[in-house]
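These notes concern the structure reproduced below.
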Amino acid sequence: MHKNTNALVKAIRFATVTALAAPATVLAGGFALNEQSASAMGTANAGAAANPENATIVFFNPAGMSQLSGTNISFGAAVLDIDAEAKRAEARRNVPTPPAPAPIMAEGSRGGDIADPAILPNFYLTHEVNDSIDVGFGIHAPYGLAADYDDDFVGRYFADKTELTAIAFTPSISVNNGKGLSMGLGLNVIYAEGRLTRYQDLAGAVYQQAFAQASSGGLSPATADQVARQTVQAGPEPYADVEGDDIGVTFRVGFLYELSERTQFGLSAQTGTELNLKGDMELTDFPVSMSPNGTSTLSEKVEVPLAIPESITFGARHRLTDDVTILAGITYARWSRFEELDIFSREGDSGEISQVSGRTGDTPINHVTEKWKNTWQFNVGGIWQATPEWAFKAGYAFDESPVDQYVTARIPSTDRHWLTLGAQWKHTASGWTVDAAVGTLIFDGNAKVNERNYSHENPEQVAQLQPGVEDPSYYEAEYDLSAWSAAIEFSKAF
């Protein structure tokens, strides 16, 4: 028993440390991550709310803990690698025409592959208190984003780095009535930290100043245009870097009903919340004069609200024969909560960046219109118990992208199809079970981006970055997307 306790403590420490250090990934159901369990991934998460194979049921449906005996642990990790690269891209700088005689197109590359491989660890534990009550705990990464463009990216005035890393601690409890019905409740304590960076396009301000001199007779229009273009191209370009973190709480309630020895159904619902990532914004290389060498660094305390959606999942499991089990599931997520990505000052009008930008009142320092839509995910899968030791799995899921009309450089996304295969090996003598799974994401065509600067007051209207002049800048691109994933899980009942 002492050896088992030591192994359990080591597993918890390993999962905690690796989860806190894990990078996030991109393009995974908005910023929700599907890769939470290798045993469920083998069937593309089909029927996961109704299929308590091991302790990972803490995440999918806490009511399912009632069907596990004794003490159970599961821990593992998934690797997700997404290739996301623009095959064409162009951007126009923020120069009003007229008075400028011609637009200035941004120079640079298509940004390279913006997503690196990510490792997503997890750990789950359940314990049977008595015949009616079970308790559990989980550590996992429910949400994440990561995109990083090359420094010379042509759309760098819209996006450079986008990072979101979240870790959830999930205590849970379930009760059953002894007649096939169970109910579970889980608490998700989420710690999240994020980072947003991009270069600042000051071309509009430079042109406005140059042509103000021309209108007062100090320069000819041709000379003003030449001076402004030289100033814009000389650089360096100001760079905005925003970092923040927050802790939020969501609740998950679940039900599991055993219709017969072969068939059961599960229902799991999670509440939403809003994280307010509080931190600092730093603006480097900000010009203090028309001279490229006259720059300074400004900073301001800021916060970035981030909406976490409500969701509800239904799952079904049916044992067709003694060796074949079929599974199905459906999930609805209220991503329409995520309407905008804004950076708000925590210093009011007195902040350094607010003062130089002229921002006042409740207006954000920066606004991005998102207006995501609610989504459906549909899953089907099957398990073949080939021998007492070996089982083989397969699954398919159709996953709607919440990104709708406003596709941005930070999250270029489309609907996708998820195909998975899995295998499970049980060692009868020791009680250990090992699950392994692989999957591929097939995207519905290329993600097309047509990003503009929109007004915070009217999110569907293009903003006026200079008084009386509608913003002419834009970023247009088309992205090739592909992805693969792999996962492994170790489980044991004590």
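The values are calculated or read from the model by the stated rules, or taken from the named source; none is laboratory data. A quick note: this is a predicted structure, and the numbers were derived from the prediction, not measured. Glycine also receives a Cβ, built like all others from the backbone with ideal geometry; neighbour counts cover every protein chain displayed. Surface areas here come from the heavy atoms of the whole protein model, side chains and all, with no ligands, DNA or RNA. Shrake-Rupley method; radii C 1.70, N 1.55, O 1.52, S 1.80 Å.
Cβ contacts < 8 Å: first residue at positive phi, restricted to the stretch 112-132; second residue open to solvent by 10 Å² or more (accessible area, probe 1.4 Å) and part of a strand (DSSP E or B), any location; separation 6+ or different chain. Result?
Hits for this filter: 112/85.
Quick check on this structure: which one of 401, 473, 491 is crowded, with 18+ Cβ neighbours inside 10 Å and farther than 28 Å from residue 45 by Cα?
After ruling out the rest, the residue left standing is 473.
Hey, could you check the stretch 28-87 for residues that are in a strand (DSSP E or B) and over 18 Å from the mean Cα position of the chain (by Cα) and say which is surrounded by the fewest Cβ atoms within 10 Å (Cβ to Cβ)?
87
Restricting attention to the stretch 465-484, does a residue exist that is of a type outside the set (D, E, K, R), touching an Asp or Glu at 6+ places or on another chain (Cβ under 8 Å) and more than 30 Å from residue 305 (Cα to Cα)?
Looking for residues that are of a type outside the set (D, E, K, R), touching an Asp or Glu at 6+ places or on another chain (Cβ under 8 Å) and more than 30 Å from residue 305 (Cα to Cα), one finds at least one in the stretch 465-484, hence yes.
Of all residues in the stretch 369-398, which are over 30 Å from residue 474 (Cα atoms), open to solvent by 50 Å² or more (accessible area, probe 1.4 Å) and outside any strand (DSSP E or B)?
387, 388, 389
Inspect the stretch 295-305 for any residue being in contact with a His (Cβ under 9 Å, 6 or more places away or on another chain), in a strand (DSSP E or B) and either crowded, with 20+ Cβ neighbours inside 10 Å or basic (Lys, Arg) (or both) and give the result as yes or no.
Within the stretch 295-305, none of the residues are in contact with a His (Cβ under 9 Å, 6 or more places away or on another chain), in a strand (DSSP E or B) and either crowded, with 20+ Cβ neighbours inside 10 Å or basic (Lys, Arg) (or both).
Listed here are the residues, each with its yes/no results for (1) charged (D, E, K, R); (2) open to solvent by less than 50 Å² (accessible area, probe 1.4 Å); (3) in a strand (DSSP E or B).
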residue: 166; (1), (2), (3): no, yes, yes
residue: 172; (1), (2), (3): no, yes, yes
residue: 178; (1), (2), (3): no, no, no
residue: 182; (1), (2), (3): no, yes, yes
residue: 185; (1), (2), (3): no, no, yes
residue: 193; (1), (2), (3): yes, no, yes
residue: 198; (1), (2), (3): yes, yes, yes
residue: 201; (1), (2), (3): yes, yes, no
residue: 206; (1), (2), (3): no, yes, no
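Could you list, in sequence order, the residues of the stretch 245-280 that are surrounded by 13 or more Cβ atoms within 10 Å (Cβ to Cβ), among the charged types (D, E, K, R) and under 27 Å from residue 374 (Cα atoms)?
Correct list: 245, 246, 252, 278.
Would you check if residue 407 is out of contact with any strand residue (DSSP E or B) (no Cβ under 7 Å at 6 or more places or on another chain) and open to solvent by less than 40 Å² (accessible area, probe 1.4 Å)?
It is false that residue 407 is out of contact with any strand residue (DSSP E or B) (no Cβ under 7 Å at 6 or more places or on another chain) and open to solvent by less than 40 Å² (accessible area, probe 1.4 Å).
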